[in-house]
Structure formats: structure tokens, C-alpha cells
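The values are calculated or read from the model by the stated rules, or taken from the named source; none is laboratory data. These numbers come from a predicted model, not from an experiment. Cβ atoms come from the backbone with ideal geometry, glycine included; neighbour counts cover every protein chain shown. Calculation scope for accessible area: heavy atoms of the full protein, side chains included, ligands and nucleic acids excluded. Shrake-Rupley method; radii C 1.70, N 1.55, O 1.52, S 1.80 Å.
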Amino acid sequence: PHLAALVLARGGSKGIPLKNIKLLAGVPLIGWVLRAAIDAGVFHSIWVSTDHDEIEKVAKQFGAQVHRRSPEVSQDSSTSLEAITEFLNHHHEVDIVGNIQATSPCLHPSDLIKVADLIQKEGFDSVFSVVRRHQFRWSEVKKGENKMTEPQNLNPAKRYRRQDWPGELYENGSFYFAKRHLIEKGYLQGGKMAYYEMRAEHSVDIDIDIDWPIAEQRVLSFGYFGKEPLKEVKLLVCSIDGCLTNGRIYVTEDHKEMVSYDYRDIVGIDLLKKRGIQVRLISDRDCSKTLSAMQLGCVAKANATNKLQVLKDWQEDMGLSWKEVAYLGNEESDVECLKQAGMSGVPADACAAAQKAAGYICKSRGGCGAVREFAEHIFLLLEKVNSARKQ
């Protein structure tokens, strides 16, 4: 049976404009679930259903196919079931739909693999995600009603300790898998049903702005970053023009060049060095005098006509694996380096090709704190590496 992953990503959002592609920990929100779906390796096709050009662009960057949904199912009042049904009407090859919520950035491939087995091997018609919660419920008393609240799942005279109570299962909305015949009857849950219990730390759902900083920390701690385990970064290579500087060159009357940089980026470089991470600089133009004037104390390569070869030479000379190399670039000449490095980033104003190749997109522009921001991102991921080692 053809199992398709389907992410519904409408452009309109009353809470956060274009929430589905807003950067979360340097990655478009929808990118987290698409990465998990692709690496799970259980789907015959992976789709994003959207009505927005920018969401379509991001979806394709992450390797998904795009179904352009009609205006009829793109309204604020449109339901997920309506959008899924429309998708199936256009894709008769699909037998099972795995509807994955775009706003669940801590989803892991291992969860999707197990759910696919429940559907394909154990014969369930529908499977949905739940999370276990230990919350006591009380009946609601509306204003003006002359009655008392009543306990719903506890005895107040004998309250459970958390460790003595198994808790209750709640839908967390991360995904709903269902066979075509159920959806065509108007159900996402039905037939032979099963739930799949997700770990509490992976049950992150972004609904309102206040959740965003919390979700970023959760993603950095519990998110899925790729098939290979993270390693400690030992080398950061930074493109000078457009990353360390804003890319502008000022020429004086006596034909001397001047550039500007942000002191926060210099602090970021110093912090990296103090953590034992080497920082090297690269440029495809002759900026040796500029580098000399900056006095950064970093190994640098100017006039680099082949940045990737320079990067390979440095990596081999230091005896590093690619997972131990980070790269910050912003132009098409940086694309292959961004793809090769284990950790890659670009400033907010990098070219489209560089953004597509990068694993992290800074909120800061080049020459305006992007190096410092990327350094902070490296430090957070190093904490994740150290935590994994302790476990």
C-alpha cells in the first residue's frame, strides 16, 4: 500500500503570520517534521498541502512534494479532514495518509517508523499520537450557576502521588494515520484503532507566540538533528564578506578600501577560541590588508578561488571528521562548503542558494551579529552533545 506523509501548511495564521516557515532554532518550523519524515524512510511520498508560494518554496527545499490546495479548503473555518480529502481526490495512488502536524518540531523518525508498522504490519486502520499527563481534572462551574465543582479523576481525600498514578492519555496532535477508506467516510480515527504514546519531551506543539522561545529550547534539547549523531565542533570556518562584514566595501579618495564589522562578532570569535574551537576565515577576494587591520589572530585564506578545496585541506590537516567542522557562509561560492560541513549556517540576508544548503539560518544579518549568533548556536548544540555523553 502507498503510504504518504502529508503536512498541512496553510499560509493564513491568526496567531503567528506564516508560522509554518518561521525560523525555530535556525530551521523553518515545517523543516523539523519534514526532516523526520524523510529520514524515517517508510513513506512512498512526502507532501505538503499549502496555498502559499513561500511555504511551497521551503517545502521543496526540504525535499517534499507540494499539493496546491484550493481556496475552498484554505479558509479559517476549513478542517484538516477537508484538506486531506481534497488531497486524496487528486492522488488516487495513495492508500494510507500519515497526517503530520507542522507545529510538532520534536517529532523523531523512530516514532513514525513504529506507527507505520502498526498500520502496515499489524493491520490497524488508524493510529494517532498521544502523550501521558498527570493532571487532575475538575468539573467546570459556569458563572451564575449555584453549584460546586466536582473532582473528575481523583479522590481529594486520597490524592495520588505522581509516582503512584499512571496518569491519563491525551491526544497531542503530532500525527494521525488513517487508511483511505476511513477518510472517504469522513473519519480520521475509526475502524481498528490504536494510539501511539510519544515521550512527553517530544510532545511540543506551537500554538501561540509565547510558546516560541520555550519551543526553541525544547528543540535544541530534544529535537531530531539528522541520522548521524552530533559531534563536538572543533573548527569554525567563516566567510569574511557578508558574514563577518556586511559585504559593503567603502573606497576612499586615495583608493583605499574600508569595511565595517560588529564588535559582538569579535566577542563571539573570542568565546569560540576560549572553548577550544579554532576559527579560520576565508574570502574569494584579496582582503589581506583588511584582515591585517582587524587583528583577529585567526588563520585566514584570501583569494580562495575554490573554497571547498581550502576547507578540505584544513579539515585534513587538523585530522577532523566533517561532523567536527562548522561553516558560516552567505554566497553561492559557499554552497558546497555548507553542504559538506557537519554544522552549517548563514546570515539572515544570505542568498537563496546558501539558505537552502544551510542547516541554520541566523536571525541576524551579515556584519550585524551573525557570527556571535552562530557561535551561541554551536554552544547550545555542544551542550546537547555533552548531555548525550553523560546519558
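Looking across the range 127-137 at every residue that is assigned to a strand (DSSP E or B) and in contact with an Asp or Glu (Cβ under 9 Å, 6 or more places away or on another chain), the one that is surrounded by the most Cβ atoms within 10 Å (Cβ to Cβ) is identified as SER129. Answer yes or no: is there a residue in the range 247-267 that is among the aromatic types (Phe, Trp, Tyr), part of a helix (DSSP H, G or I) and in contact (Cβ under 8 Å) with a residue 12 or more places away in the chain. Checked against the condition, which is being among the aromatic types (Phe, Trp, Tyr), part of a helix (DSSP H, G or I) and in contact (Cβ under 8 Å) with a residue 12 or more places away in the chain, the range 247-267 yields no hits at all. Taking the criterion of being more than 18 Å from the chain's Cα centre (by Cα) and of a type in the set (S, T, N, Q), the residues of the range 321-356 that qualify are SER321, ASN330, SER333, GLN340.
Kindly indicate whether GLU253 is surrounded by fewer than 19 Cβ atoms within 10 Å (Cβ to Cβ) and not assigned by the TED database to the domain that holds GLU373. Judged against the criteria, GLU253 is not a match. Of all residues in the range 256-305, those satisfying the criterion of being modelled with pLDDT under 85, in contact with a strand residue (DSSP E or B) (Cβ under 7 Å, 6 or more places away or on another chain) and open to solvent by 70 Å² or more (accessible area, probe 1.4 Å) are GLU257, MET258, TYR261. Taking the range 1-39 as the range and being open to solvent by 10 Å² or more (accessible area, probe 1.4 Å) and in a helix (DSSP H, G or I) as the test, the residues that pass are LYS19, ASN20, ILE21, ARG35, ILE38, ASP39.
Taken together, CYS351, CYS362, CYS368 contain a single residue that is farther than 22 Å from LYS273 by Cβ and at pLDDT below 95, which is CYS351. Inspect the range 133-144 for any residue being farther than 18 Å from ALA200 by Cα, of a type in the set (Val, Ile, Thr), out of contact with any Phe, Trp or Tyr (no Cβ under 6 Å at 6 or more places or on another chain) and not assigned by the TED database to the domain that holds SER70 and give the result as yes or no. Yes, some residue in the range 133-144 is farther than 18 Å from ALA200 by Cα, of a type in the set (Val, Ile, Thr), out of contact with any Phe, Trp or Tyr (no Cβ under 6 Å at 6 or more places or on another chain) and not assigned by the TED database to the domain that holds SER70.
If you check GLY359, GLY342 for being more than 16 Å from ASP265 (Cβ to Cβ), touching an Asp or Glu at 6+ places or on another chain (Cβ under 7 Å) and not assigned by the TED database to the domain that holds VAL58, only one passes: GLY342.
If you go through the range 169-223 and pick out every residue that is open to solvent by 20 Å² or more (accessible area, probe 1.4 Å), out of contact with any helix residue (DSSP H, G or I) (no Cβ under 8 Å at 6 or more places or on another chain), within 24 Å of HIS91 (Cα to Cα) and in a helix (DSSP H, G or I), you end up with 1. Restricting attention to the range 138-165, the residues that are outside any helix (DSSP H, G or I) and open to solvent by 90 Å² or more (accessible area, probe 1.4 Å) add up to 12.
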